[in-house]
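For reference, the structure discussed in these notes is given below.
The values are calculated or read from the model by the stated rules, or taken from the named source; none is laboratory data. These numbers were taken from a predicted model, which means no experiment stands behind them. Methodologically, a virtual Cβ is constructed for each residue, glycine included, from the backbone with ideal geometry; neighbour enumeration extends over all protein chains shown. Side chains are part of the model used for accessible areas, which takes the heavy atoms of the whole protein and leaves out ligands, DNA and RNA. Shrake-Rupley method; radii C 1.70, N 1.55, O 1.52, S 1.80 Å.
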2 protein chains.
Amino acid sequence: MRYAYNVYEDRCPTRLVLDRLADKWALLILDRLEDGPVRFNHLRRDIKAISQKVLSQTLKKLERDGLVTRTVYPTVPVTVEYALTPLGRALAETAAALTHWAEHNMDAILAAQAAYDAAVMER
Amino acid sequence: MRYAYNVYEDRCPTRLVLDRLADKWALLILDRLEDGPVRFNHLRRDIKAISQKVLSQTLKKLERDGLVTRTVYPTVPVTVEYALTPLGRALAETAAALTHWAEHNMDAILAAQAAYDAAVMER
DNA sequence: AAACATGGTTTCCAATGGATACTGAGGAGA
DNA sequence: TCTCCTCAGTATCCATTGGAAACCATGTTT
(Lines give C-alpha, C1' and ligand atoms only; values in the text may rest on other atoms or scores of the structure.)
Protein backbone atom coordinates (compact mmCIF):
# COMPACT_ATOMS: atom_id res chain seq x y z
CA MET A 1 0.00 0.00 0.00
CA ARG A 2 1.43 3.34 -1.05
CA TYR A 3 -0.72 5.70 1.03
CA ALA A 4 -2.06 5.70 4.55
CA TYR A 5 -5.57 6.06 3.16
CA ASN A 6 -7.66 3.70 1.08
CA VAL A 7 -10.66 5.01 -0.74
CA TYR A 8 -12.24 1.57 -0.98
CA GLU A 9 -12.66 1.48 2.79
CA ASP A 10 -15.84 2.69 4.35
CA ARG A 11 -15.11 5.23 7.12
CA CYS A 12 -11.86 6.26 5.45
CA PRO A 13 -11.76 10.07 5.36
CA THR A 14 -10.93 9.93 1.65
CA ARG A 15 -14.51 8.82 1.15
CA LEU A 16 -15.65 12.20 2.46
CA VAL A 17 -13.34 13.95 0.05
CA LEU A 18 -14.42 11.81 -2.84
CA ASP A 19 -18.01 12.60 -1.93
CA ARG A 20 -17.18 16.28 -2.17
CA LEU A 21 -15.24 16.08 -5.42
CA ALA A 22 -17.64 13.69 -7.08
CA ASP A 23 -20.03 16.59 -7.41
CA LYS A 24 -20.93 18.07 -10.76
CA TRP A 25 -21.19 21.61 -9.40
CA ALA A 26 -17.94 21.49 -7.42
CA LEU A 27 -16.04 20.31 -10.51
CA LEU A 28 -17.54 23.06 -12.64
CA ILE A 29 -16.72 25.72 -10.05
CA LEU A 30 -13.12 24.57 -9.67
CA ASP A 31 -12.79 24.51 -13.45
CA ARG A 32 -14.23 27.99 -13.78
CA LEU A 33 -11.85 29.42 -11.16
CA GLU A 34 -8.72 28.23 -12.96
CA ASP A 35 -8.33 31.49 -14.87
CA GLY A 36 -8.40 33.64 -11.72
CA PRO A 37 -10.78 34.99 -9.05
CA VAL A 38 -14.47 35.25 -9.90
CA ARG A 39 -17.34 36.94 -8.05
CA PHE A 40 -20.42 35.16 -6.78
CA ASN A 41 -22.96 36.38 -9.30
CA HIS A 42 -20.45 36.04 -12.09
CA LEU A 43 -20.07 32.34 -11.28
CA ARG A 44 -23.82 32.08 -11.15
CA ARG A 45 -24.18 33.49 -14.63
CA ASP A 46 -21.31 31.50 -16.13
CA ILE A 47 -22.32 28.12 -14.79
CA LYS A 48 -25.70 27.82 -16.42
CA ALA A 49 -28.62 26.54 -14.37
CA ILE A 50 -26.86 26.44 -11.01
CA SER A 51 -29.12 27.73 -8.25
CA GLN A 52 -27.99 30.34 -5.74
CA LYS A 53 -28.52 27.93 -2.89
CA VAL A 54 -26.38 25.19 -4.37
CA LEU A 55 -23.68 27.64 -5.47
CA SER A 56 -23.53 29.08 -1.97
CA GLN A 57 -23.46 25.67 -0.30
CA THR A 58 -20.85 24.27 -2.65
CA LEU A 59 -18.56 27.28 -2.24
CA LYS A 60 -18.79 26.97 1.54
CA LYS A 61 -17.76 23.33 1.41
CA LEU A 62 -14.90 24.07 -0.97
CA GLU A 63 -13.75 26.85 1.36
CA ARG A 64 -13.92 24.55 4.37
CA ASP A 65 -11.79 22.00 2.53
CA GLY A 66 -9.16 24.65 1.88
CA LEU A 67 -9.68 24.56 -1.88
CA VAL A 68 -10.99 28.08 -2.43
CA THR A 69 -10.68 31.38 -0.57
CA ARG A 70 -13.47 33.89 -0.01
CA THR A 71 -12.53 37.55 0.03
CA VAL A 72 -14.98 40.35 0.83
CA TYR A 73 -14.35 43.88 -0.47
CA PRO A 74 -16.30 46.64 1.33
CA THR A 75 -17.60 48.24 -1.85
CA VAL A 76 -21.20 49.20 -2.43
CA PRO A 77 -22.75 46.87 -3.04
CA VAL A 78 -20.38 44.43 -1.39
CA THR A 79 -18.04 42.45 -3.66
CA VAL A 80 -17.14 38.86 -2.82
CA GLU A 81 -14.39 37.17 -4.75
CA TYR A 82 -13.66 33.47 -4.84
CA ALA A 83 -10.24 32.16 -5.82
CA LEU A 84 -8.36 28.87 -5.85
CA THR A 85 -5.82 28.07 -3.15
CA PRO A 86 -2.65 26.25 -4.24
CA LEU A 87 -4.32 23.02 -3.10
CA GLY A 88 -7.43 23.92 -5.06
CA ARG A 89 -5.37 24.70 -8.13
CA ALA A 90 -3.77 21.27 -8.05
CA LEU A 91 -7.18 19.66 -7.83
CA ALA A 92 -8.68 21.87 -10.52
CA GLU A 93 -6.13 20.54 -12.97
CA THR A 94 -7.20 17.01 -12.18
CA ALA A 95 -10.86 17.95 -12.31
CA ALA A 96 -10.38 19.69 -15.63
CA ALA A 97 -9.32 16.36 -17.09
CA LEU A 98 -12.77 14.98 -16.23
CA THR A 99 -14.84 17.84 -17.63
CA HIS A 100 -12.71 17.98 -20.74
CA TRP A 101 -12.94 14.24 -21.16
CA ALA A 102 -16.71 14.66 -21.11
CA GLU A 103 -16.56 17.30 -23.84
CA HIS A 104 -14.07 15.31 -25.84
CA ASN A 105 -15.74 11.89 -25.77
CA MET A 106 -19.33 13.00 -25.95
CA ASP A 107 -19.98 11.56 -29.40
CA ALA A 108 -18.81 8.08 -28.45
CA ILE A 109 -21.04 8.10 -25.39
CA LEU A 110 -24.11 9.34 -27.25
CA ALA A 111 -23.55 6.58 -29.83
CA ALA A 112 -23.23 3.95 -27.10
CA GLN A 113 -26.42 5.15 -25.45
CA ALA A 114 -28.32 5.03 -28.73
CA ALA A 115 -27.08 1.49 -29.42
CA TYR A 116 -27.97 0.36 -25.90
CA ASP A 117 -31.44 1.85 -26.06
CA ALA A 118 -32.07 0.27 -29.47
CA ALA A 119 -31.00 -3.14 -28.15
CA VAL A 120 -33.31 -2.79 -25.16
CA MET A 121 -36.21 -1.80 -27.39
CA GLU A 122 -36.03 -4.86 -29.64
CA ARG A 123 -35.42 -7.22 -26.75
CA MET B 1 -13.63 26.97 -28.93
CA ARG B 2 -11.86 23.65 -29.30
CA TYR B 3 -14.81 21.26 -28.99
CA ALA B 4 -18.37 21.24 -30.25
CA TYR B 5 -19.57 20.83 -26.66
CA ASN B 6 -19.36 23.17 -23.70
CA VAL B 7 -19.90 21.83 -20.23
CA TYR B 8 -20.80 25.25 -18.84
CA GLU B 9 -23.95 25.31 -20.95
CA ASP B 10 -27.18 24.00 -19.55
CA ARG B 11 -28.76 21.46 -21.90
CA CYS B 12 -25.38 20.50 -23.31
CA PRO B 13 -25.15 16.69 -23.39
CA THR B 14 -21.79 16.88 -21.62
CA ARG B 15 -23.71 17.92 -18.54
CA LEU B 16 -25.41 14.52 -18.56
CA VAL B 17 -22.03 12.84 -18.78
CA LEU B 18 -20.57 14.99 -16.05
CA ASP B 19 -23.57 14.11 -13.92
CA ARG B 20 -22.76 10.46 -14.42
CA LEU B 21 -19.04 10.73 -13.80
CA ALA B 22 -19.37 13.09 -10.87
CA ASP B 23 -20.61 10.14 -8.86
CA LYS B 24 -18.62 8.68 -6.02
CA TRP B 25 -19.73 5.12 -6.76
CA ALA B 26 -19.17 5.30 -10.51
CA LEU B 27 -15.61 6.54 -9.94
CA LEU B 28 -14.90 3.76 -7.46
CA ILE B 29 -16.29 1.10 -9.78
CA LEU B 30 -14.29 2.32 -12.76
CA ASP B 31 -11.20 2.42 -10.59
CA ARG B 32 -11.81 -1.09 -9.31
CA LEU B 33 -12.25 -2.49 -12.83
CA GLU B 34 -8.89 -1.22 -14.05
CA ASP B 35 -7.11 -4.46 -13.15
CA GLY B 36 -9.52 -6.65 -15.12
CA PRO B 37 -13.07 -8.04 -15.04
CA VAL B 38 -14.79 -8.38 -11.69
CA ARG B 39 -18.04 -10.13 -10.70
CA PHE B 40 -21.02 -8.41 -9.12
CA ASN B 41 -20.67 -9.64 -5.58
CA HIS B 42 -16.93 -9.24 -5.73
CA LEU B 43 -17.39 -5.55 -6.48
CA ARG B 44 -19.90 -5.35 -3.69
CA ARG B 45 -17.44 -6.75 -1.19
CA ASP B 46 -14.49 -4.68 -2.40
CA ILE B 47 -16.26 -1.34 -2.45
CA LYS B 48 -17.20 -1.12 1.19
CA ALA B 49 -20.67 0.08 2.10
CA ILE B 50 -22.10 0.20 -1.41
CA SER B 51 -25.64 -1.16 -1.46
CA GLN B 52 -26.76 -3.77 -3.95
CA LYS B 53 -29.32 -1.41 -5.40
CA VAL B 54 -26.89 1.39 -6.03
CA LEU B 55 -24.26 -0.98 -7.41
CA SER B 56 -26.80 -2.47 -9.81
CA GLN B 57 -28.10 0.93 -10.90
CA THR B 58 -24.65 2.40 -11.37
CA LEU B 59 -23.43 -0.57 -13.40
CA LYS B 60 -26.46 -0.28 -15.67
CA LYS B 61 -25.79 3.38 -16.34
CA LEU B 62 -22.11 2.72 -17.00
CA GLU B 63 -23.09 -0.06 -19.40
CA ARG B 64 -25.54 2.21 -21.21
CA ASP B 65 -22.81 4.81 -21.64
CA GLY B 66 -20.57 2.22 -23.25
CA LEU B 67 -18.04 2.34 -20.43
CA VAL B 68 -18.40 -1.21 -19.09
CA THR B 69 -19.56 -4.50 -20.57
CA ARG B 70 -21.73 -7.06 -18.81
CA THR B 71 -21.06 -10.70 -19.63
CA VAL B 72 -23.21 -13.55 -18.31
CA TYR B 73 -21.72 -17.04 -17.98
CA PRO B 74 -24.27 -19.87 -17.69
CA THR B 75 -22.60 -21.47 -14.73
CA VAL B 76 -24.41 -22.56 -11.61
CA PRO B 77 -25.04 -20.28 -9.99
CA VAL B 78 -24.86 -17.77 -12.81
CA THR B 79 -21.69 -15.70 -13.09
CA VAL B 80 -21.83 -12.10 -14.29
CA GLU B 81 -18.62 -10.33 -15.12
CA TYR B 82 -18.17 -6.61 -15.55
CA ALA B 83 -15.25 -5.22 -17.52
CA LEU B 84 -14.08 -1.90 -18.92
CA THR B 85 -14.51 -1.08 -22.59
CA PRO B 86 -11.66 0.79 -24.30
CA LEU B 87 -13.66 3.98 -23.73
CA GLY B 88 -14.16 3.05 -20.10
CA ARG B 89 -10.47 2.33 -19.70
CA ALA B 90 -9.56 5.78 -20.95
CA LEU B 91 -11.96 7.31 -18.47
CA ALA B 92 -10.84 5.10 -15.61
CA GLU B 93 -7.35 6.50 -15.95
CA THR B 94 -8.70 10.01 -15.61
CA ALA B 95 -10.97 9.00 -12.75
CA ALA B 96 -8.07 7.31 -10.99
CA ALA B 97 -6.35 10.66 -10.82
CA LEU B 98 -9.25 11.97 -8.74
CA THR B 99 -9.46 9.09 -6.28
CA HIS B 100 -5.71 9.00 -5.90
CA TRP B 101 -5.61 12.76 -5.42
CA ALA B 102 -8.08 12.26 -2.57
CA GLU B 103 -5.85 9.64 -0.95
CA HIS B 104 -2.73 11.70 -1.53
CA ASN B 105 -3.95 15.09 -0.29
CA MET B 106 -6.09 13.91 2.56
CA ASP B 107 -3.90 15.35 5.29
CA ALA B 108 -3.95 18.86 3.82
CA ILE B 109 -7.73 18.77 3.55
CA LEU B 110 -8.25 17.50 7.09
CA ALA B 111 -5.98 20.28 8.35
CA ALA B 112 -7.90 22.90 6.37
CA GLN B 113 -11.20 21.62 7.75
CA ALA B 114 -9.92 21.74 11.32
CA ALA B 115 -8.64 25.31 10.84
CA TYR B 116 -11.93 26.39 9.26
CA ASP B 117 -14.03 24.85 12.01
CA ALA B 118 -11.83 26.42 14.70
CA ALA B 119 -12.22 29.85 13.07
CA VAL B 120 -15.99 29.44 12.90
CA MET B 121 -16.12 28.43 16.56
CA GLU B 122 -14.33 31.49 17.89
CA ARG B 123 -16.18 33.87 15.60
C1' DA C 1 -41.20 55.57 -5.55
C1' DA C 2 -39.91 51.73 -8.31
C1' DA C 3 -36.45 48.95 -10.16
C1' DC C 4 -31.89 47.00 -10.08
C1' DA C 5 -27.41 45.67 -8.24
C1' DT C 6 -24.76 43.15 -4.66
C1' DG C 7 -24.49 38.16 -2.01
C1' DG C 8 -26.73 35.50 -0.01
C1' DT C 9 -30.86 32.64 3.27
C1' DT C 10 -35.37 30.47 3.65
C1' DT C 11 -39.03 27.68 2.25
C1' DC C 12 -41.20 24.10 -0.09
C1' DC C 13 -41.79 20.03 -3.00
C1' DA C 14 -39.95 16.36 -6.00
C1' DA C 15 -36.28 13.33 -6.84
C1' DT C 16 -32.58 10.66 -5.24
C1' DG C 17 -30.03 7.48 -1.94
C1' DG C 18 -29.43 4.00 1.23
C1' DA C 19 -31.10 0.14 4.45
C1' DT C 20 -33.51 -3.81 4.48
C1' DA C 21 -36.13 -7.62 2.90
C1' DC C 22 -37.15 -10.63 -0.76
C1' DT C 23 -36.56 -13.62 -5.11
C1' DG C 24 -35.34 -18.15 -7.17
C1' DA C 25 -32.41 -21.64 -8.87
C1' DG C 26 -28.94 -24.78 -7.49
C1' DG C 27 -25.32 -27.05 -4.25
C1' DA C 28 -23.37 -28.34 0.25
C1' DG C 29 -23.71 -29.89 4.83
C1' DA C 30 -26.36 -31.92 8.88
C1' DT D 1 -34.84 -34.24 3.59
C1' DC D 2 -34.35 -29.95 5.64
C1' DT D 3 -31.82 -26.00 6.18
C1' DC D 4 -28.49 -22.90 4.83
C1' DC D 5 -25.43 -20.89 1.51
C1' DT D 6 -24.19 -18.91 -3.04
C1' DC D 7 -25.10 -16.30 -7.20
C1' DA D 8 -27.14 -11.62 -9.10
C1' DG D 9 -30.07 -8.99 -8.68
C1' DT D 10 -35.59 -6.46 -7.39
C1' DA D 11 -38.85 -4.31 -4.47
C1' DT D 12 -40.05 -1.41 -0.89
C1' DC D 13 -39.79 2.12 2.34
C1' DC D 14 -38.01 6.29 4.51
C1' DA D 15 -34.55 10.06 5.12
C1' DT D 16 -31.70 13.12 2.87
C1' DT D 17 -30.74 15.95 -0.91
C1' DG D 18 -31.58 19.05 -4.97
C1' DG D 19 -33.69 22.56 -7.37
C1' DA D 20 -37.27 26.49 -8.01
C1' DA D 21 -38.78 30.41 -6.21
C1' DA D 22 -39.46 33.91 -2.83
C1' DC D 23 -37.37 36.81 0.39
C1' DC D 24 -33.63 39.70 2.84
C1' DA D 25 -30.67 44.10 3.70
C1' DT D 26 -28.19 47.74 1.73
C1' DG D 27 -27.51 51.23 -1.51
C1' DT D 28 -27.69 53.45 -6.51
C1' DT D 29 -30.02 54.66 -10.46
C1' DT D 30 -34.19 56.22 -13.12
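Would you list A:Tyr82, A:Tyr5 from the most to the least accessible area, probe 1.4 Å? Don't skip to the end; give the middle numbers.
On the way: A:Tyr82 20, A:Tyr5 45 Å².
Largest accessible area first, the list is A:Tyr5, A:Tyr82.
Each part gets one Cα centre, and for region A:31-55 versus region A:97-123 those centres are 28 Å apart. For chain B, set up a Gaussian network in which alpha carbons nearer than 10 Å are linked by springs, and say which option among B:Leu16, B:Leu59, B:Leu27 fluctuates the most. Top of the fluctuation ranking is B:Leu16.
Based on the alpha-carbon set only, what is the convex hull volume of the protein assembly as shown divided per residue, in Å³?
Values: hull volume 36.7 nm³, N = 246.
In the protein assembly as shown, the Cα convex hull volume per residue is 149 Å³.
Counting each DSSP H run of 4 or more residues in chain B as -39500 (n - 2.57), what helix-only mean residue ellipticity at 222 nm follows after dividing by all residues, to the nearest 500 deg cm²/dmol? Walk me through the numbers before you get to the answer.
Values: 6 runs with 74 residues, N = 123.
Dividing the helical sum by the residues of chain B leaves -19000 deg cm²/dmol.
Averaged over the residues of A:22-32, the number of partner chain Cβ atoms lying within 10 Å of the residue Cβ comes to 4. Of the residues B:Val120, B:Tyr82, B:Gly36, the one whose Cα sits farthest towards the positive end of the charge dipole of region B:13-122 is B:Tyr82 (charges of +1 on Lys and Arg Cβ, -1 on Asp and Glu Cβ, taken about the Cα centre).
Estimated at the nearest 10 Å², the accessible area of B:Glu103 is 20 Å² with a 1.4 Å probe.
Report the full-extension gain for the segment B:Arg39 to B:His104: residue separation times 0.36 nm, less the Cα-Cα distance, to one decimal in nm.
Numbers: separation 65, 0.36 × 65 = 23.40 nm, distance 2.82 nm.
Residue separation times 0.36 nm, minus the Cα-Cα distance, leaves 20.6 nm.
Within a straight-line Cα-Cα reach of under 16 Å, A:Lys61 can be paired with the following lysines, leaving aside sequence neighbours fewer than 8 residues apart in one chain: A:Lys24, A:Lys53. Which residue fluctuates the most in chain A, going by a Gaussian network model with Cα springs under 10 Å, if the choices are A:Gly88, A:Gly66, A:Gly36? Maximum fluctuation in the GNM of chain A, among the listed residues, is at A:Gly36. At 1.4 Å probe size, with the rest of the protein present, what percent of the exposed accessible area of chain B is carbon and sulfur atoms? So the carbon and sulfur contribution to the accessible surface is 52 percent. Peptide B:108-115 has a mean shielding of 6, counted as Cβ atoms of other protein chains within 10 Å of each residue's Cβ.
Largest mean-square fluctuation among B:Ala112, B:Ala26, B:Ala97, in a Gaussian network model of chain B whose springs join Cα atoms under 10 Å apart, belongs to B:Ala112. Here the relative contact order of chain B, from alpha carbon pairs under 8 Å that lie six or more residues apart, stands at 23 percent.
Given all pairs of different Cα atoms, what value in angstroms does the Kirkwood hydrodynamic radius of chain B take? Taking every pair of different Cα atoms in chain B, averaging 1/r and inverting gives 16.7 Å.
Modelled spin-label separation between A:Thr71 and B:Gln57, with each label point placed 7 Å from Cα along the Cα-to-Cβ direction: 4.2 nm.
How much net charge surrounds B:Val78 when only the other residues with a Cβ under 15 Å from the Cβ of B:Val78 are counted, with Lys and Arg +1 and Asp and Glu -1? All intermediate terms of the calculation are to be shown ahead of the outcome.
Numbers: positive: B:Arg39, B:Arg70; negative: B:Glu81.
So the environment of B:Val78 carries a net charge of +1.
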